[in-house]
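See structure below.
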Amino acid sequence: MNDISEINAVSYSTGKPVRIRISGGFIRDIMETGHTEGDPDLLVAPGLFDNQVNGFRGADFSDTDLKIHEMRQAVDALNAEGVTSFFPTVLTNSHENLLRIFKNLSNSLSDERVKDSIPGFHLEGPYISPESGYYGCHPAGFIRKPSWDEFAMYQEAAEGKIREVTISPETDESFEFIKKCTSEGVVVAIGHTNASTDQINKAVDNGARLSTHLGNGCANMIHRHNNPLWPQLANDLLITTFIADGHHLTPEEIRVFYRVKGPAKLILTSDITHLSGLKPGNYMFFGSRIVMTDDGLIKNPVLDCLAGASLPLRTGIGNVMKFTGCPPGEAFNMASANVAEAFGITDRGTLEPGRRADLVLFERNGYEIVIKQVFVKGRRVL
Ligand SMILES: [Zn+2]
């Protein structure tokens with residue numbers, strides 16, 4: 001099939017004009033042109049990859065009745081935000097519900113467009129800390145110790161598509177579980193945890209490689225020396241994933257993450273919920289009233305705590321540049337190349353020949369990323 005198409009824009013990382021030729025859904029070649037053809041303000045970056053998306057625009061991926069068309073709408077809406085790959089993320093729930101949820105999610109992949117944007121699923125919980133302050137808004141009654149036999153049932157329902165599991169290595173069962181997951185190609189992340197330094201290091205020794213939304217899923221009052229943050233920051237084998245919506249972490253925390261880990265060991269996640277993309281106002285969530293404000297804050301006004309995020313990944317990219325002073329290339333890689341690499345999903349994530357033509361064309365308005373065009377596997381979706 002001779003279907004070569006061309007895109008001319010300015011490279012997100014080098015700042016130089018490039019011509020990208022696409023064929024059969026993949027990047028055929030990329031060349032610097034030496035001069036700008038077309039709009040000099042139009043930049044091109046790899047499509048964004050978000051490994052933590054709980055839902056979008058009304059579709060809740062932990063809904064036991066999620067329909068394929070609802071997932072398709074969420075995929076289309078996320079694509080329009082520049083997100084060309086994401087992991088639907090499933091929270092702590094009962095055994096029966098988790099089986100149903102993963103069955104629904106794997107069924108939704110029968111839609112070709114859904115499948116193109118969903119290379120895997122993320123199970124966040126139920127194997128997390130039972131201590132309040134650490135489990136966050138996960139339903140405490142369903143939190144339990146890691147069990148490989150149980151997880152294998154979820155993986156079967158998911159048709160092998162669970163690529164990431166977030167656990168707290170607070171129990172002896174954790175380490176064998178981590179070893180098993182790692183040997184089966186499932187990436188283990190440490191999160192919602194009050195594990196000790198020894199437990200965190202042992203988890204890493206057994207294969208854990210990520211920290212889930214570091215600095216969140218943590219109690220407000222912690223010991224200044226012995227807490228779960230220092231050992232995760234200090235362990236060079238752990239990649240830090242973090243939320244940069246301007247509400248979940250302070251600019252100083254993000255600057256410290258950047259300096260300690262460096263740009264290659266950071267992954268930006270949105271952690272958005274199904275309320276993201278809806279109008280600000282009052283909603284019911286986990287049986288409680290929560291409020292979404294104009295600036296994207298979602299909180300439970302009674303408990304005075306955050307109840308998820310609502311701002312898309314592109315907002316986080318702008319914030320990382322603003323908070324750390326890093327160049328756009330580094331910030332975009334935290335939301336694309338670094339993610340694909342961490343999960344060994346090597347067909348996408350960079351602007352290189354042979355990779356999928358997942359592209360986002362955008363303009364910058366200060367630190368705001370304005371998405372102009374999006375391509376998934378070479379097909380224009382915006
Ligand atoms: Zn969480």
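Rule-based calculations on the coordinates, nothing more; no lab input. Since the structure is predicted, the reported quantities are computational estimates derived from the model, not experimental observations. When we count neighbours, we look across all protein chains shown, and the Cβ atoms used for this are built from the backbone with ideal geometry, even at glycine.
Would you confirm, using the coordinates I've provided, whether residue 147 is away from the ligand (no atom under 15 Å from the Cβ), among the polar types (S, T, N, Q) and closer than 20 Å to residue 238 by Cβ?
Here the answer is no, as residue 147 does not meet what is asked.
Being surrounded by 14 or more Cβ atoms within 10 Å (Cβ to Cβ), more than 16 Å from the ligand (Cβ to nearest atom), in contact (Cβ under 8 Å) with a residue 12 or more places away in the chain and under 22 Å from the mean Cα position of the chain (by Cα) narrows it down to one of 280, 263, so name that one.
Testing whether each residue is surrounded by 14 or more Cβ atoms within 10 Å (Cβ to Cβ), more than 16 Å from the ligand (Cβ to nearest atom), in contact (Cβ under 8 Å) with a residue 12 or more places away in the chain and under 22 Å from the mean Cα position of the chain (by Cα) leaves just 263.
What do you reckon, is residue 320 of a type in the set (A, V, I, L, M), within 20 Å of the chain's Cα centre (by Cα) and part of a strand (DSSP E or B)?
no
Can we say residue 254 is farther than 22 Å from residue 60 by Cα, part of a helix (DSSP H, G or I), more than 16 Å from the ligand (Cβ to nearest atom) and not hydroxyl-bearing (Ser, Thr, Tyr)?
Against the criterion (farther than 22 Å from residue 60 by Cα, part of a helix (DSSP H, G or I), more than 16 Å from the ligand (Cβ to nearest atom) and not hydroxyl-bearing (Ser, Thr, Tyr)), residue 254 qualifies.
Against the conditions (1) crowded, with 20+ Cβ neighbours inside 10 Å; (2) away from the ligand (no atom under 16 Å from the Cβ), where does residue 232 fall short? Just the number, please.
The single condition residue 232 does not satisfy is (2).
Hey, could you check segment 29-54 for residues that are touching a helix residue (DSSP H, G or I) at 6+ places or on another chain (Cβ under 6 Å) and away from the ligand (no atom under 16 Å from the Cβ) and say which is nearest to residue 330 (Cα to Cα)?
45
Here's the yes/no breakdown for (1) acidic (Asp, Glu); (2) under 14 Å from residue 126 (Cβ atoms):
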{"residue": "176", "(1), (2)": "yes, no"}
{"residue": "193", "(1), (2)": "no, yes"}
{"residue": "210", "(1), (2)": "no, no"}
{"residue": "242", "(1), (2)": "no, no"}
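Scan segment 190-219 for residues that are surrounded by 18 or more Cβ atoms within 10 Å (Cβ to Cβ) and of a type in the set (Asp, Glu) and report the count.
0
Can you tell me which of 164, 170 is under 22 Å from residue 356 (Cβ atoms), of a type in the set (Asp, Glu) and either in contact (Cβ under 8 Å) with a residue 60 or more places away in the chain or within 16 Å of the ligand (Cβ to nearest atom) (or both)?
On the way: 170 fails: under 22 Å from residue 356 (Cβ atoms).
Just one listed residue meets the conditions, 164.
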